[in-house]
1. Taking 29 Å as the cut-off for C-alpha to C-alpha distance, list the pairs among Lys299/Lys467; Lys306/Lys435; Lys230/Lys319; Lys230/Lys435; Lys319/Lys460 that go past it.
2. Any idea of the accessible area per residue across the stretch 204-254, 1.4 Å probe, to the nearest Å²?
3. Quick check on packing: order 181-187, 296-302 by the mean number of other C-beta atoms within 10 Å, highest mean leading.
4. Please list 252-259, 282-289 highest first by mean number of surrounding beta-carbon atoms within 10 Å per residue.
5. Under 8 Å for C-alpha pairs, at least 6 residues apart: give me the relative contact order for the stretch 314-419, rounded to a whole percent.
6. Looking at the square roots a ≥ b ≥ c of the eigenvalues of the Cα gyration tensor of the stretch 463-522, which shape do they give, rounded for a/c under 1.5, prolate if a/b is larger than b/c, or oblate?
7. For Thr45, Thr520, Thr310, what's the largest-to-smallest order of accessible area, 1.4 Å probe?
8. When a/c reaches 1.5 or more, the comparison of a/b and b/c decides; with that in mind, is the stretch 399-523 rounded, prolate or oblate per its Cα gyration tensor?
Amino acid sequence: MNEQQPSPDRPGPEQPPATPVSGVDDGQGRRIGPRPLDRPPVDPTQAAEFARPDGVDSAFAPRTASPATNGAIALAPPPPEALSMAFGRPDGGDVLLQRAPGAVPYGSEPAVEPVFWPDSADRDPWRDPGAGAILGPPASDSTPEGEQEGKPPAKTGPLLSVPELLFGRRVKPVALASLAGVALLIGVAGGVAGWAIAQAGNPLTSSVTLAQVDSPGKQVTPGSVADIVKRTQAAVVQIEVQVGSGGGLGSGVMIDSAGYILTNNHVVSAAASDPSATLRVVFADGAKTDAKIVGRDPKTDLAVVKVSVTNPTVIQLGKSSSLAVGDEVIAIGSPLGLSSSVTSGIVSAVNRPLQAAGEGGDPPVTYDAIQTDAAINHGNSGGALLDSTGALVGINSAILSPGGPDGGSIGIGFAIPIDFARRIAESLIRDGQVKHADIGLNARSVSAVSTDGAQVQNVKEGGAAAKAGIAEGDVITKFGDRPIRTADELSVAVIERNIGDTVPVQVVRQGRQMVLQVTTQSD
């Protein structure tokens with residue numbers, strides 16, 4: 001039977017005590033002595049610096065008894081009285097570890113140490129072993145400012161943030177309500193004070209309500225400018241021409257319910273010469289529509305365009321021959337793009353001969369104009385000149401201004417008489433073109449002591465003047481029953497005649513006056 005080995009939980013048979021043997025067992029029952037120490041030689045220089053003094057054979061010097069204490073251990077002097085009072089144990093006390101100074105008043109310690117620290121213990125540096133040391137100011141015998149001598153300093157708690165104040169349950173609800181009430185009162189008082197200062201700040205301003213007078217019974221007088229404009233304004237349109245990146249605008253008058261609009265030739269001439277140009281009509285109510293040129297007459301600066309509209313407002317045509325100097329007239333148009341603008345004035349003159357340069361390559365413009373002081377500006381061209389009944393008596397066409405073509409109105413404007421314009425418009429609507437009477441000569445204005453007139457410069461061979469016997473150098477002083485004082489008057493008198501009319505012409509030749517019969521031809 002194998003011998004049972006002792007387990008760690010049960011003691012085995014008692015063994016004799018082991019004899020201490022120096023060295024280490026080599027595994028065969030033999031002991032090996034300790035390894036000899038290797039003591040390297042010591043440097044004499046280092047030995048002189050760091051070796052023990054002579055006569056010292058240990059690491060520490062022997063304790064020697066002081067003669068004053070007769071061999072007894074010398075004690076440290078007692079601590080100052082101030083430190084003993086501050087940090088010493090109370091007389092007769094046996095407490096080994098005191099509380100932090102100031103944590104609990106002396107003599108009020110509880111009989112039983114509380115199990116848990118108070119809530120403020122985590123902020124108590126005396127209980128925080130990781131709290132850093134703080135060096136405070138030196139002690140002073142003077143009393144701090146704000147404290148009275150002999151009284152304990154006022155207790156101050158930690159400063160609270162807004163969230164802690166409102167939600168940290170650190171302040172009683174009654175205190176919070178009181179604080180809110182005080183803040184509200186301060187805000188109301190500040191608002192009242194600000195309002196009072198604002199009211200008293202500027203004596204020139206105040207709260208005011210201006211009175212307004214209603215005029216429900218106001219009546220528009222029949223025949224007044226307001227009445228005429230109300231009835232006719234819708235018949236005057238604005239014409240826009242777009243040619244590439246440029247263009248222009250003018251005015252026009254609706255003269256027929258079929259959509260025919262009478263205007264000036266110089267308003268639409270750019271659209272006639274450029275196939276890519278666009279022509280658009282804008283009505284008084286803002287409606288827009290495209291238009292097409294029916295025909296134009298460069299010699300009289302008149303043109304007709306047409307739009308496709310239903311039930312347009314049509315102007316009533318009057319008689320320009322009934323106008324007299326001083327009659328009231330009204331001009332409606334779009335000066336400088338201001339649509340449906342209205343001005344008024346009087347007739348300054350009638351039968352004013354006007355001849356102007358044509359537009360582009362067009363021939364000179366000739367007509368007998370109505371002169372008015374009603375303001376006419378760029379953009380009024382082609383607009384309406386109305387009499388005191390609201391009837392159309394002229395087509396506004398030109399102005400005389402010291403500023404030249406770019407000048408504005410100075411009260412001298414010209415309109416084409418409707419009696420003459422009606423005949424041109426009817427021919428343009430019917431045929432798309434107009435043929436004018438011509439006598440086949442050129443003339444210039446002359447003035448002599450005894451007579452004024454138009455002196456013939458050249459005569460067209462085979463023309464009406466040549467057939468009637470008019471020669472170069474003759475001075476024409478009368479054409480029909482109209483006196484001729486300038487070459488412009490002669491041109492106007494001729495163009496107003498119908499083709500084929502036989503007209504008596506009074507001429508002065510070498511001081512002799514004679515009358516010749518001239519039959520007008522087509523131009």
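The values are calculated or read from the model by the stated rules, or taken from the named source; none is laboratory data. This one's a predicted model, so the numbers in the text were calculated from it and none came from an experiment. Here the Cβ is made from the backbone with ideal geometry for all residues, glycine too, and neighbour counts use every protein chain on show. Surface accessibility is based on the protein's heavy atoms, side chains included, excluding ligands, DNA and RNA. Shrake-Rupley method; radii C 1.70, N 1.55, O 1.52, S 1.80 Å.
1. Numbers: Lys299/Lys467 25 Å; Lys306/Lys435 21 Å; Lys230/Lys319 21 Å; Lys230/Lys435 37 Å; Lys319/Lys460 36 Å.
Pairs exceeding the cut-off: Lys230/Lys435; Lys319/Lys460.
2. That works out to 68 Å² per residue.
3. Top of the packing list down: 296-302, 181-187.
4. 252-259, 282-289
5. This gives 30 percent for the stretch 314-419.
6. It is oblate, given that a/c is not under 1.5 and a/b is not larger than b/c.
7. Solvent-accessible surface, decreasing: Thr310, Thr45, Thr520.
8. Oblate, because a/c is 1.5 or more while a/b does not exceed b/c.
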